[in-house]
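One structure is given here, and the rest of the page talks about it.
Read-outs throughout are calculated quantities, based only on the coordinates presented, and are distinct from any laboratory measurement. Quantities reported herein were computed from a predicted structural model and do not represent experimental measurements. All Cβ positions, glycine included, derive from the backbone under ideal geometry; neighbour counts span all protein chains shown.
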Amino acid sequence: MSAAAPALHIAGLHAGYGRYDVLRGVDLDVGPGEAVGLLGPNGAGKTTLLRSIMGLVKHRRGVLSVAGTDLLRLPAHRIARGHAGLVPEGRRLFVDQPIEDNLLLGALHLRRHRDRVAELLESVYDLFPVLRDLRRRPAGALSGGQQQMVAIGRMLMSDPKVLLLDEPSLGLAPIAIGEVAEALEALREQGRSILVVEQRVDLVLRMCDRIYVLAGGEVALEERASALGDDGRALIDAYLG
Ligand SMILES: Nc1ncnc2c1ncn2[C@@H]1O[C@H](COP(=O)(O)OP(=O)(O)OP(=O)(O)O)[C@@H](O)[C@H]1O
Ligand SMILES: [Mg+2]
């Protein structure tokens with residue numbers, strides 16, 4: 001594939017559980033260096049979509065590729081090795097373990113490449129300097145916003161081509177949400193390709209180049225964030241119900 005291949009390309013994706021398709025023909029792209037927001041009502045299938053990309057939802061068909069690599073042909077553990085990285089809802093950190101150990105878990109598959117792991121670790125600490133200072137502290141001792149930085153950092157340690165985040169602001173206090181927004185801004189400045197599921201429409205419109213609204217198993221709305229004024233927000237709110 002050419003260098004112009006989208007970071008993430010999804011076409012006609014069906015996915016679900018058992019015999020039931022939650023996603024019924026989803027078309028979605030993330031361009032290189034683009035930040036894309038995914039909105040939708042509860043139960044629309046946003047998490048299912050992210051988990052499908054990671055190969056964690058088995059029942060799926062359609063087109064699903066990252067930088068030209070067909071993900072439907074790869075098992076989940078291969079997808080997580082440098083193709084796509086997920087920050088799951090609720091962060092799922094080992095709260096009793098030091099921050100640095102949590103980060104290193106993202107790079108387990110690179111353990112024979114110590115120089116690369118050291119390089120990735122440095123790049124995470126450069127992005128979130130506060131984590132360098134606190135690296136020996138247990139992850140559970142951090143603020144909610146800092147814990148989200150650890151979860152993002154652990155995902156970055158797998159060296160992914162596309163970054164997936166599931167509701168990074170969920171359950172966080174306003175000050176922590178500000179920290180998460182800053183973290184996403186930093187990732188954008190690095191030119192990362194990002195797909196973020198987020199309930200906070202204001203955050204999405206601020207952080208993202210484009211948005212999709214998922215409803216009824218399909219994409220119900222796709223729009224450039226800059227094209228969505230107050231009318232656009234009302235439109236999104238109508239879908240979110
Ligand atoms: N492991 C599972 N087995 C069976 N059904 C599931 C499973 N996980 C989710 N579902 C169902 O799939 C549908 C989509 O769920 P999903 O979690 O993807 O939605 P969501 O858009 O992320 O919702 P929320 O906004 O609440 O996070 C729901 O009807 C849910 O009950
Ligand atoms: Mg969800």
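Compute the helix-to-body angle for 114-127: its Cα long axis versus the longest principal axis of the chain, expressed 0 to 90° and rounded to tens.
That works out to roughly 70 degrees.
What's the angle, to the nearest 10 degrees (0 to 90), between helix 230-240's Cα axis and the longest principal axis of the chain?
Helix 230-240 sits at roughly 90 degrees to that axis.
Give me the distance in nm between label points sitting 7 Å out from Cα along the Cα-to-Cβ direction at Leu240 and Val95, one decimal.
2.7
In which sequence would Phe128, Phe94 go, from the one with the fewest C-beta neighbours within 10 Å to the one with the most?
Result, fewest neighbours first: Phe94, Phe128.
Where does the chain land at 222 nm, in deg cm²/dmol rounded to the nearest 500, when only DSSP H runs of n ≥ 4 count, each adding -39500 (n - 2.57), divided by all residues?
-10000 deg cm²/dmol
For the chain, what's the relative contact order in percent, using C-alpha pairs closer than 8 Å and at least 6 residues apart?
For the chain, the relative contact order is 27 percent.
So, in Å, what gap is there between the alpha-carbon centers of segment 72-103 and segment 134-167?
After rounding, the separation between the Cα centres reads 9 Å.
Which trypsin sites (Lys or Arg not before Pro) from segment 94-126 combine a DSSP loop assignment with at most 14 other Cβ atoms within 10 Å?
Answer in residue order: Arg111, Arg112.
Using alpha-carbon positions, what is the distance between the centroids of segment 202-241 and segment 10-53, in Å?
Segment 202-241 and segment 10-53 have Cα centres separated by 15 Å.
Please determine, in degrees from 0 to 90 and to the nearest 10, the orientation of helix 174-189 with respect to the longest principal axis defined by the Cα atoms of the chain, where the helix direction is its Cα long axis.
Approximately 90 degrees, to the nearest ten.
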